Amino acid sequence: MRETRAGAPAHAHFRPSIVPRLAPLPETPDVVVVGAGAAGIAAARTLVGRGVSVAVLEARSRVGGRAFTTDLRGHAIDLGAHWLHAGPINPLVRLGLSRGEPLRRAPQDGHGWVGRRPARPEERRAAARAFDLADRAMTAGAAAPGPDRPASSALPASLGPWGGRVARVHGLVSGRPLEEVSLHDFPSMEYGDNFFMAGGYGGYLARLAHGLPVALDSPVEAIDWSGAGVRVTVAGGRCVSALAVIVTAPVMVLRASIAFAPALPTEVRSAIDGFRTGLYEHAVLHWPSSPFRGRDRLASIAGGRQSPPGLLARIDGTPFHYYELDYADAEAVDAARSGPDGVRRHVRAVLAHHFGAGRLHDLSIPAVSEWRHDPWSRGSWAVVPPGHAPARQRLQAPVGERIWFAGEALSRLQWGTAGGAYEEGARAADAVAGRIRPGTG
Ligand SMILES: Cc1cc2nc3c(=O)[nH]c(=O)nc-3n(C[C@H](O)[C@H](O)[C@H](O)COP(=O)(O)OP(=O)(O)OC[C@H]3O[C@@H](n4cnc5c(N)ncnc54)[C@H](O)[C@@H]3O)c2cc1C
């Protein structure tokens, strides 16, 4: 699948639902933070909290990165991150609860649908058993000694007719088919005890950015670390000097569009270059007469010639649903090549197959995300292929005591998530503050 193209991605035309008031940059910051997504916001908040002066340079005209909430027909809808995963270890859940943010727990139950009818109780039980078996096998496989291998190789043959569905769903949430995902890296995230945020995940991050010194529309092109500190160059030639830099641009962007002088050490460059691009895109459905009732329920739709690998129904009790695109499916990939309208036609065809064309009389698809075509993300998250699992940890070590990396790609336990990115941003900022202001922790 072609992963970038010229022109603004479809989701970039939407306006953010919350626009924080940002502070001007200090004239002589101690630290530059590249990017104002979850990791950059965490880094900036941590540094400000420790009395370290910081300048955040953000390429886009908004904060939040891949967490982006817009208003659609009077509702706040996320076009990127939506789930606050791994409640017990997600710092954004902890922080949200302490701030009195409107968090709600995700329901544990969901809908089942097979072909053209609701799933029978025995089918639901068989599916649950297959997912459970697969989880246990992959967790055991990851812990077993020996060389890394594809996560798919750990799936037991005994999954029966649900095996294909299990592999598809895990491939979807991994961002690549399991054949391309490291088994050693795979089961590191705790999916249980998820939350949602009323007003959207992107809206929450925008609130957290309130008052931070962020310059928008400031894409960083080059980082010179040949001297004692760093000189960070923004498109148009503006230069900001500092003692250290925290780089939170996605690794897919680092591979393509930020130049380092001198070049990064080989092991750091190989860590960055070895990640694969994760693909995960929402088609946002507005579907008042959808057969699925109840707020925030996942619908598992199986059987038939084609089925969506993921569908979240009635987001926050509204008529909005997410239909997740399957980039392991040749027809979906083909449809996505023709842009958002191709995706819309594909989604309608699949839903008509399961629910009948009549049921779609009030279906509209107001938004289709295209993070893979967005120059500031170039994909949905970073995926570790077999053999590349040490890369996350490798990137956590500073380069020359003045370049730190942070972001979702570095998180071992919460990979690919905004919570993991936030934790990594705070970790890097603590390390930088400890280095340049010893004793302020
Ligand atoms: C469709 C979709 C659904 C998702 N669902 C979930 C979910 O439900 N739950 C979850 O936890 N995660 C989810 N994720 C993943 C989550 O969005 C990311 O893991 C997380 O937001 C990454 O945060 P980050 O700070 O590492 O990177 P980003 O959010 O990408 O932030 C990096 C920032 O750097 C900026 N930048 C890039 N290049 C430059 C440059 N050269 N100069 C200056 N600035 C630059 C970017 O504009 C961006 O603001 C989803 C992602 C997608 C795409």
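Can you give the local net charge around Tyr422? Use residues other than it whose beta-carbon is closer than 14 angstrom to its beta-carbon, Lys and Arg +1, Asp and Glu -1.
On the way: positive: Arg45, Arg66, Arg94, Arg99, Arg207, Arg427; negative: Glu101, Glu408, Glu423, Glu424, Asp430.
Cβ neighbours under 14 Å give a net charge of +1.
Within a Cβ distance under 13 Å of Pro150, other residues only, what is the Lys/Arg minus Asp/Glu net charge? Can you show the working numbers first?
Numbers: positive: Arg149, Arg176, Arg276; negative: Asp148, Glu179, Glu180, Asp185.
Result for the neighbourhood of Pro150: -1.
Per residue, how large is the accessible surface of the range 3-147? Use a 1.4 angstrom probe and give square angstrom.
Working: 6840 Å² over 145 residues.
The answer is 47 Å² per residue.
Please name which of Val347, Ala433, Ala382 has its Cα lying farthest along the dipole of the range 298-441 towards the positive end, using unit charges on Cβ (Lys, Arg +1; Asp, Glu -1) and the Cα centre as origin.
Ala433
Averaged over all directions, how much area does the convex hull of the C-alpha atoms of the range 363-431 cover when projected, in nm²? Don't skip to the end; give the middle numbers.
Details: hull surface 27.4 nm².
One quarter of the hull surface, i.e. the mean projection, equals 6.8 nm².
Hey, can you grab everything whose amide H is under 5 Å from the amide H of Ser300? Only 5+ residues off in sequence or another chain; H modelled, so Pro and N-termini drop out.
Under 5 Å from the amide H of Ser300: His111, Gly112, Trp113.
Give a residue-ordered list of calculated ³J(HN,Hα) values for the range 309-321 (Karplus: 6.51 cos²θ - 1.76 cosθ + 1.60, θ = phi - 60°; whole Hz; x for Gly, Pro).
After applying 6.51 cos²θ - 1.76 cosθ + 1.60, I find x, x, 9, 9, 9, 6, 4, 6, x, 9, x, 7, 9 Hz.
Cβ neighbours within 10 Å, averaged per peptide: list 362-375, 413-426, 39-52 in order, most packed at the top. Mind showing how you got there, number by number?
On the way: 362-375: 20.6, 413-426: 26.4, 39-52: 24.8.
For the peptides 362-375, 413-426, 39-52, the packing ranking is 413-426, 39-52, 362-375.
Place +1 on the Cβ of every Lys and Arg and -1 on the Cβ of every Asp and Glu in the chain, take the dipole about the Cα centre, and give the residue among Trp113, Pro147, Pro262 whose Cα lies farthest towards its positive end.
After comparing all options, I get Trp113.
Quickly rank 64-73, 110-119 as a protection proxy: mean count of other C-beta atoms within 10 Å, highest first.
On the way: 64-73: 23.9, 110-119: 16.3.
Ranking, from highest mean packing down: 64-73, 110-119.
Summarise the accessible area of the range 224-318 (1.4 Å probe, protein heavy atoms) by the percent that is carbon and sulfur.
On the way: 1800 of 3370 Å².
Using a 1.4 Å probe with all protein chains present, the range 224-318 comes out at 53 percent carbon and sulfur.
Taking θ = phi - 60°, what integer Hz values does the Karplus form 6.51 cos²θ - 1.76 cosθ + 1.60 yield along the range 56-66, in sequence order, with x for Gly and Pro?
9, 10, 10, 5, 7, 8, 8, 9, x, x, 7
With no solvent and one equal point scatterer placed on each C-alpha of the range 60-148, evaluate the Debye formula and give log10 I(q)/I(0) for q = 0.13, 0.15 Å⁻¹, two decimals.
Log-scaled intensity ratios, in q order: -0.83, -0.99.
Please identify, among Ala106, Ala263, Ala154, the residue showing maximal mean-square fluctuation in a Gaussian network model of the chain using a 10 angstrom Cα cutoff.
Ala263
Counting Lys and Arg as +1 and Asp and Glu as -1, each charge on the Cβ, what is the dipole of the chain about the Cα centre in debye, to the nearest 20? Intermediate values should be presented prior to the final figure.
On the way: 50 positive and 40 negative charges, 153 e Å.
Roughly 740 debye for the chain.
Looking only at Cα atoms, what is the convex hull volume of the chain per residue, in Å³? Before the final figure, lay out each step's value.
Numbers: hull volume 59.9 nm³, N = 441.
It comes to 136 Å³ per residue, whole-number rounded.
Once phi is turned into θ = phi - 60°, what whole-Hz ³J(HN,Hα) does the Karplus curve with 6.51, -1.76 and 1.60 give for every residue of the range 391-400, x standing for Gly and Pro?
4, 4, 5, 4, 6, 6, 7, x, 9, x
What accessible area per residue comes out for the range 222-316, rounded to a whole number of Å², with a 1.4 Å probe?
On the way: 3330 Å² over 95 residues.
Accessible surface, normalised per residue, equals 35 Å².
From the helices alone, meaning DSSP H stretches of at least four residues, give me the mean residue ellipticity at 222 nm for the chain, per-run term -39500 (n - 2.57), in deg cm²/dmol to the nearest 500. Can you show the working numbers first?
Working: 11 runs with 129 residues, N = 441.
Value at 222 nm, helices only: -9000 deg cm²/dmol.
Starting from the amide H of Ala367, placed 1.01 Å from N in the peptide plane, find each other amide H under 5 Å away whose residue is 5 or more places distant or on another chain.
Residues meeting the amide H criterion: Val284.
Carbon and sulfur: what percent of the range 93-216's accessible surface (1.4 Å probe)?
Working: 3330 of 5700 Å².
Within the range 93-216, the accessible surface is 58 percent carbon and sulfur.
Quick one, could you list the DSSP H helices from the chain stretching 30 Å or more along their long axis (Cα atoms) with average Kyte-Doolittle hydropathy of -1.0 or above? Before the final figure, lay out each step's value.
Working: long enough: 121-143 (33 Å, -0.43).
TM-like helix candidates: 121-143.
So, counting K/R as plus one and D/E as minus one, what does the shell of residues with Cβ under 10 Å around Ala409 add up to? If you can, show how the numbers build up before the last one.
Details: positive: Arg392; negative: Glu408, Glu424.
Here the charged neighbours net out to -1.
When the Debye formula is applied to the Cα atoms of the range 317-418, each taken as the same point scatterer, what base-10 log of I(q)/I(0) results at q = 0.11, 0.16, 0.20, 0.24 Å⁻¹?
-0.53, -0.86, -1.08, -1.30
Name the residue from His210, Leu183, Gly236 whose Cα lies farthest towards the positive end of the charge dipole of the range 129-243, charges +1 on Cβ of Lys and Arg and -1 on Cβ of Asp and Glu.
His210
Using amide H atoms built 1.01 Å from N in the peptide plane, name the residues 5+ places from Gly379, or on other chains, whose amide H lies under 5 Å from its own.
Result for Gly379 returns Arg372, Asp374.
Roughly to the nearest percent, how much of the accessible area of the range 320-361 is carbon and sulfur, given a 1.4 Å probe?
Numbers: 850 of 1730 Å².
Taking all protein chains in place, the range 320-361 shows 49 percent carbon and sulfur surface.
The values are calculated or read from the model by the stated rules, or taken from the named source; none is laboratory data. These numbers come from a predicted model, not from an experiment. Neighbour counts are summed over all protein chains in view; Cβ atoms, including those assigned to glycine, are modelled from backbone coordinates with ideal geometry. Accessible surface areas use protein heavy atoms only, side chains included; no ligands, DNA or RNA. Shrake-Rupley method; radii C 1.70, N 1.55, O 1.52, S 1.80 Å.
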